[in-house]
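The values are calculated or read from the model by the stated rules, or taken from the named source; none is laboratory data. Just so it is clear, the structure is predicted and the values come from calculations on it, not from any experiment. Neighbour counts run over all protein chains shown; Cβ positions are idealised from the backbone, glycine included. Note: areas computed on protein heavy atoms with side chains; ligands, DNA, RNA excluded. Shrake-Rupley method; radii C 1.70, N 1.55, O 1.52, S 1.80 Å.
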Amino acid sequence: MPLQTAPLSLAAVLRQRRDRLAELHPRPVVLWSGQAVSRNFPANTYPFRANSHFLYFAGLPLANAALHLEGGRLTLFMDDTSPEAALWHGPSPSRDAIAADIGADAAYPYQDLDSYLAEAATLPAQAAANPERSRALVEALVTLRLHHDDYALDQIKRAAAVSVAAHKAGMAATPGATTEAQVRAAMEQVIMGQGMTCAYNSIVTVHGEVLHNEQYHHNLAPGDLLLADVGAEVPSGWASDITRTWPVSGQFTSAQRDIYNLVLAAHDACIAAAHPGIEYRNLHLLACRILAAGLVDLGVLKGDPDALVERDVHALFFPHGVGHLLGLDVHDMEDLGDVAGYAPGRSRSDRFGLKFLRLDRPLAANMIVTIEPGFYQVPGILGPARQSGQYDDAIDWNRLEVFDGVRGIRIENDVHINSTGCTVLTAALPTHADAVEALVSGA
């Protein structure tokens, strides 16, 4: 029997990360955690969430702290909790205790950081910096964070498992709910109960055509579809991201099922094709072609599917990209612009069907991405398109009215690219229409 290898401690994981950073970026680096933001008066703050680049090397959500990284050496800068703060918030670990937990080589008061700044590179969003130094650091961080280590993968799996449970709770709560807010509460209760937070503002809506709908006041009606995009984040910051769409009544109408199955076909084809080396852009275009071909089969679109995609007709119903990077941020490293999402030398297209693509680089082992095709009837897109008459040769507007009950459908899973293909980290939450109906109806 082979010997079992014990998992690395947090301190050992962090040391490996900073050793790798030193190989990619030999200059000294300073990263700040940030501080809590006031909601209205100073003592009333929003929940604190540390900067993700800081978290990657600190492992703990420390407020008002900074890291100095050089040659694999980590120096922590933060102040011990004051007696006044301890009065209101309770005792906190000392600076030295925290330094020991994360394997820091040294730890000093925050004010001592000033003497380390002159030669250090940092991120433009965190402090004024030499642009060339910042650019080199950004490129090193992207190279490092694109590929997840075992610790990160385990954390994302934990977040994904809780997200799966939250979605099941939302489906089960739907028959007894009268508003979107009640379903949202059932889902977020599961996340909170596991000591986690939401990785982003939850989307739980009967108006799925609003892509990032964060309103929850609408009533639920039997003919509605409920789109829920809800994901948990573990205390260490690693995120998950799941979307499911289900019928409020527990049963899809014929038209709803037709569109749902079409979105699912695009989803499944992308996952089947995901492997190291494939261009993520090609996965997006695969989803586009399947959606276009399916809409032709349903009589909504007219013409050759490939020509329709080339003309971006499909994007009237599927305007966003097929997914994004996932890691310490739900849209990982998008604070760096397109440097992470787009391979060197690439930039966003100005085509309507491609300009919202968040990821355009070849996939590689240990990347984690989302796959999330969708179908939406957005009045602000379809109304002007119909009035213009420029798509009358490609869209049967009368046939489209059969699908009026489908405002928005999205199916999203978190996918780990492995050495030969991929693993769906959120596969425990069914996607087949019959299984979704069973979860809602309690069958």
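Observations
- Evaluation of P235 against the conditions (1) assigned to a strand (DSSP E or B); (2) under 19 Å from the mean Cα position of the chain (by Cα) shows that the sole unmet condition is (1).
- Checked against the criteria, G353 does not count as under 23 Å from A50 (Cβ atoms) and out of contact with any Pro (no Cβ under 6 Å at 6 or more places or on another chain).
- Residue selected from region 203-223 under the condition free of Cβ contacts under 8 Å to residues at least 40 places away in the same chain and over 23 Å from the mean Cα position of the chain (by Cα), by the criterion surrounded by the fewest Cβ atoms within 10 Å (Cβ to Cβ): H217
- Any hit, region 251-265, residues being surrounded by fewer than 20 Cβ atoms within 10 Å (Cβ to Cβ), in contact with an Asp or Glu (Cβ under 6 Å, 6 or more places away or on another chain) and touching a residue at least 40 places away in the same chain (Cβ under 8 Å): yes
- Top-ranked residue in region 279-302 [being in a loop (DSSP other than H, G, I, E, B) and aliphatic (A, V, I, L, M); ranked as least open to solvent (accessible area, probe 1.4 Å)]: V300
- Residue within region 381-393 that is open to solvent by less than 40 Å² (accessible area, probe 1.4 Å), among the aliphatic types (A, V, I, L, M) and outside any helix (DSSP H, G or I) present: no
- Screening R158, R145, R135 for residues that are open to solvent by 60 Å² or more (accessible area, probe 1.4 Å) and touching a residue at least 40 places away in the same chain (Cβ under 8 Å) leaves exactly one candidate, R158.
- Of residues in region 110-125 being touching a helix residue (DSSP H, G or I) at 6+ places or on another chain (Cβ under 8 Å) and open to solvent by 40 Å² or more (accessible area, probe 1.4 Å), the one modelled with the lowest pLDDT: A125
- Here V322 fulfils each of the conditions (1) part of a helix (DSSP H, G or I); (2) in contact with a helix residue (DSSP H, G or I) (Cβ under 6 Å, 6 or more places away or on another chain); (3) under 18 Å from H416 (Cβ atoms) apart from (1).
- Count of residues meeting criterion [open to solvent by less than 20 Å² (accessible area, probe 1.4 Å) and in contact with a helix residue (DSSP H, G or I) (Cβ under 8 Å, 6 or more places away or on another chain)] in region 79-102: 1
- The lone criterion from (1) assigned to a helix (DSSP H, G or I); (2) among the acidic types (D, E); (3) touching a residue at least 40 places away in the same chain (Cβ under 8 Å) left unmet by D312 is number (1).
- Answer residue from region 345-374, given it is acidic (D, E) and in contact with a His (Cβ under 9 Å, 6 or more places away or on another chain) and is surrounded by the fewest Cβ atoms within 10 Å (Cβ to Cβ) among those: D360
- Candidates in region 321-333 are the residues that are open to solvent by 10 Å² or more (accessible area, probe 1.4 Å) and touching a Gly at 6+ places or on another chain (Cβ under 7 Å); of these, the one that is nearest to R49 (Cα to Cα) is V330.
- Of the set (1) buried (at least 18 other Cβ atoms within 10 Å of the Cβ); (2) in contact (Cβ under 8 Å) with a residue 40 or more places away in the chain, all apply to R27 but (1).
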